[in-house]
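One structure below.
The values are calculated or read from the model by the stated rules, or taken from the named source; none is laboratory data. Since this is a predicted model, take the numbers as computed values, not measurements. So basically every Cβ, Gly included, is an ideal-geometry build from the backbone, and we count neighbours across all protein chains shown.
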Amino acid sequence: GAGVSQSPSNKVTEKGKDVELRCDPISGHTALYWYRQRLGQGLEFLIYFQGNSAPDKSGLPSDRFSAERTGESVSTLTIQRTQQEDSAVYLCASRAQGASYNEQFFGPGTRLTVL
Amino acid sequence: DAKTTQPTSMDCAEGRAANLPCNHSTISGNEYVYWYRQIHSQGPQYIIHGLKNNETNEMASLIITEDRKSSTLILPHATLRDTAVYYCIVRSRHGSSNTGKLIFGQGTTLQVKP
């Protein structure tokens, strides 16, 4: 498909376990964002990748959260020692180079439930 | 970024036009109005944006008042699939920083009814 894809679509884990979430951006999109959305809430920015520049990690809520991106392709968001407050939908978005920063294309999200 | 105010919820009959208002009285000269929507269990979807002229694309029309303090998103023939939360965002084209991270408020929940 031509859109942003994310996997898994749903993840249920136990408190204290580590989880890894994957995002495949639209081919050729240089910018990639991770957001978190708690139930009934708006988007919460987590991290931003742009090409080979240093990522903007200003939104990561704690050092349990980390993300990597290989070049301009796949990105993984890792949450270590998960807590119940980490339960949310994790959304990935990508943007083409030169496009307005606000024209982001979102994936379907990964719904994380921490028991 | 300018603050926006939207009604919490609206209903619309299927096949009729849905008109979603947004107030942005503190908008500045270089700020655009962007609309996104989020259908249940899906990621947000970009709809349309504009600066001062009215805009139309395959999804919707955007009407911006002459003083730019408010705007209306129009879905000309709403369908059940248009039921979603609609977010109005006002910001400069490249964001207030170099990252362009999006910040959504509560939006308007549009319920299209048969």
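Let's see how each residue does on (1) exposed (fewer than 14 other Cβ atoms within 10 Å of the Cβ); (2) of a type in the set (A, V, I, L, M, F, W, C):
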residue	(1), (2)
A:22	no, no
A:25	no, no
A:30	no, no
A:35	no, no
A:53	yes, no
A:106	no, yes
A:112	no, yes
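In region A:59-73, the count of residues that are touching a Leu at 6+ places or on another chain (Cβ under 8 Å), charged (D, E, K, R) and farther than 30 Å from residue B:50 by Cβ is one or more. The condition of being within 14 Å of another protein chain (Cβ to nearest Cβ), part of a strand (DSSP E or B), on the phi < 0 side of the Ramachandran plot and surrounded by fewer than 21 Cβ atoms within 10 Å (Cβ to Cβ) holds for only one of A:49, A:45, that being A:45. Scanning region A:100-115 for residues that are touching a residue at least 60 places away in the same chain (Cβ under 8 Å) and either farther than 16 Å from residue A:47 by Cβ or not in a loop (DSSP other than H, G, I, E, B) (or both) returns A:105, A:106, A:108, A:110, A:111, A:112, A:113, A:114, A:115. Selection over region B:38-73 of residues that are in contact with a helix residue (DSSP H, G or I) (Cβ under 8 Å, 6 or more places away or on another chain) and charged (D, E, K, R) gives a count of 0. I need the full set of residues from region A:49-82 which are over 19 Å from residue A:27 (Cβ atoms) and aromatic (Phe, Trp, Tyr), in order please. A:65 - this is the single residue of region A:49-82 that is over 19 Å from residue A:27 (Cβ atoms) and aromatic (Phe, Trp, Tyr). For region B:27-50, give me each residue that is over 13 Å from residue B:73 (Cα atoms) and touching a Gly at 6+ places or on another chain (Cβ under 9 Å). Across region B:27-50, the qualifying residues are B:32, B:38, B:41, B:42, B:43.
I want to confirm something. Restricting to region B:95-112 and keeping residues that are within 13 Å of chain A (Cβ to nearest Cβ) and crowded, with 20+ Cβ neighbours inside 10 Å, which single residue is modelled with the lowest pLDDT? Talk me through it step by step, then tell me what you get.
First, the residues of region B:95-112 that are within 13 Å of chain A (Cβ to nearest Cβ): B:95-109.
Adding the requirement that they be crowded, with 20+ Cβ neighbours inside 10 Å leaves B:99-102, B:107-108.
Working: B:99: 63, B:100: 66, B:101: 73, B:102: 76, B:107: 92, B:108: 96.
So, considering only residues that are within 13 Å of chain A (Cβ to nearest Cβ) and crowded, with 20+ Cβ neighbours inside 10 Å, the one modelled with the lowest pLDDT is B:99.
Filtering region A:4-36 to residues that are within 15 Å of the chain's Cα centre (by Cα) and among the small types (Gly, Ala, Ser) leaves A:5, A:7, A:9, A:31.
Checked against (1) free of Cβ contacts under 8 Å to residues at least 24 places away in the same chain; (2) over 17 Å from residue A:40 (Cα atoms); (3) not small (Gly, Ala, Ser), residue B:42 passes all but a single condition, namely (2).
Name every residue in region B:17-30 that is assigned to a loop (DSSP other than H, G, I, E, B) and touching a strand residue (DSSP E or B) at 6+ places or on another chain (Cβ under 9 Å), in order of residue number.
Step one: filter region B:17-30 for residues assigned to a loop (DSSP other than H, G, I, E, B), giving B:17, B:24-30.
Those that are assigned to a loop (DSSP other than H, G, I, E, B) and touching a strand residue (DSSP E or B) at 6+ places or on another chain (Cβ under 9 Å): B:17, B:24, B:25, B:26, B:27, B:28, B:30.
Only one of the numbered conditions (1) buried (at least 17 other Cβ atoms within 10 Å of the Cβ); (2) farther than 23 Å from residue B:84 by Cβ is not met by residue A:74, and that is (1). Taking each residue of region A:82-93 that is within 13 Å of chain B (Cβ to nearest Cβ) and looking for partners that are surrounded by fewer than 19 Cβ atoms within 10 Å (Cβ to Cβ) and part of a helix (DSSP H, G or I) with beta-carbon atoms closer than 9 Å, six or more apart or interchain, yields nothing.
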